[in-house]
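Visitor: Quick one: the structure is below, and I'll ask about it shortly.
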Amino acid sequence: MGLMSVNPATVIINIVNVLLFFAVIRAFLWKPVMAVMEKRQKMIDDDLNAAKEENEKASELKAEYEKALADAKDEAGSIIEKARKTASAEHEAAVLKTQEETAKMVADAKASIEVERSKAMKDVQSEIAGLAMAAAAKVVDNNLDENANKKYLDEFLNEAGGKK
């Protein structure tokens, strides 16, 4: 047999050696490496799941905050609108009150003017009546009694348009 001959015992021994080597590698190296790889993969999966859950929670919180912000803006808008309406109503009430007070003052002034005019008219009528009586007394040169004077005075005023 030459250099290149195949010895069946050597082939079997080599196959047994490879199988033993494979069994040793598998027992001492492959299983621990695979266990470490599985732990590492599980840890990565757990971290990814936790990150996904945190992201979902963050999205939910963001949505809640955006809703709360929108609600706050709506509430602020309604408060501002309510304040505007209240201010407008108060302004209108103040204007109405001022108009009423002005109308009352004008009415009071008119009444006061009417009272003063009436008083002045009575004073003028009384003065005219006195002058008329004095003139009549001088013309008639006869002084009548008080009742007759009053009767003549009332007739004169009626004719002059002073009394109705």
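The values are calculated or read from the model by the stated rules, or taken from the named source; none is laboratory data. This is a predicted model, so every value here is computed, not measured. Here Cβ is always computed from backbone atoms with ideal geometry, including for glycine, and neighbour counts include all displayed protein chains. Accessible surface is based on the protein model in full, side chains and every heavy atom, while ligands, DNA and RNA are left aside. Shrake-Rupley method; radii C 1.70, N 1.55, O 1.52, S 1.80 Å.
Visitor: Towards the positive end of the charge dipole of the range 45-124, with charges on Cβ (+1 Lys, Arg; -1 Asp, Glu), say which of Leu61, Ser118, Asn49 has the farthest Cα.
Guide: Value computed over the given set: Ser118.
Visitor: Given Cβ point charges of +1 (Lys, Arg) and -1 (Asp, Glu) and nothing else, what value in debye, to the nearest 20, does the dipole of the range 1-148 about its Cα centre take?
Guide: Dipole about the Cα centre, nearest 20: 1500 debye.
Visitor: By accessible area of protein heavy atoms, probe 1.4 Å, what ranking do Leu69, Leu157 get, highest first? Write down the numbers at each step before the final one.
Guide: Numbers: Leu69 100, Leu157 15 Å².
Of Leu69, Leu157, the descending order of accessible area is Leu69, Leu157.
Visitor: On the full set of protein chains, 1.4 Å probe, figure out the accessible area of Thr86 and give it in Å² to the nearest 10.
Guide: Only protein atoms counted, so the area is about 60 Å².
Visitor: Tilt of helix 146-160 relative to the longest C-alpha principal axis of the chain, in degrees (0 to 90, nearest 10)?
Guide: Helix 146-160 sits at roughly 60 degrees to that axis.
Visitor: Skip the ligands, DNA and RNA, and give the accessible area per residue of the chain with a 1.4 Å probe, whole Å².
Guide: Using a 1.4 Å probe on heavy atoms only, each residue of the chain averages 90 Å².
Visitor: Here's another thing I want to ask about it. If you roll a 1.4 angstrom probe over the protein chains with everything in place, what fraction of the accessible area of the chain belongs to carbon and sulfur, to the nearest %?
Guide: After summing per-atom areas, the C and S share lands at 63 percent.
Visitor: Turning to a different aspect of this structure: Helix 31-140 against the longest principal axis of the chain: what's the angle in degrees, Cα atoms only, rounded to the nearest 10?
Guide: Here the helix axis deviates by roughly 0 degrees.
Visitor: Around Asn55, what is the net charge, scoring Lys/Arg as +1 and Asp/Glu as -1 over all other residues with Cβ under 14 Å from its Cβ? Can you show the working numbers first?
Guide: Working: positive: Lys52, Lys57, Lys62; negative: Asp47, Glu53, Glu54, Glu56, Glu60.
That works out to -2.
Visitor: Quick one: angle between helix 8-25 and the longest Cα principal axis of the chain, in degrees between 0 and 90, rounded to 10, please.
Guide: Roughly 30 degrees, rounded to the nearest 10.
Visitor: From the residues Thr86, Leu131, Gln99, which one has its Cα farthest along the dipole of the range 49-132 in the positive direction, the dipole being from +1 and -1 charges on Cβ of Lys/Arg and Asp/Glu about the Cα centre?
Guide: So the residue furthest toward the plus end is Leu131.
Visitor: Please give the length that would be gained between His91 and Ala23 if that part of the chain were fully extended, namely 0.36 nm times their separation in residues minus their C-alpha to C-alpha distance (nm, one decimal).
Guide: This chain segment gains 14.7 nm when fully extended.
Visitor: How big is the Rg/Rh ratio for the chain, C-alpha atoms only, Rh by Kirkwood, two decimals?
Guide: 2.09
Visitor: So how strong a dipole does the range 7-91 carry about its Cα centre when Lys and Arg Cβ are +1 and Asp and Glu Cβ are -1, to the nearest 20 debye?
Guide: 560 debye
Visitor: When Lys and Arg each count +1 and Asp and Glu each count -1, what net charge do the other residues less than 14 Å away from Ala120, Cβ to Cβ, add up to?
Guide: Net of charged neighbours comes to -1.
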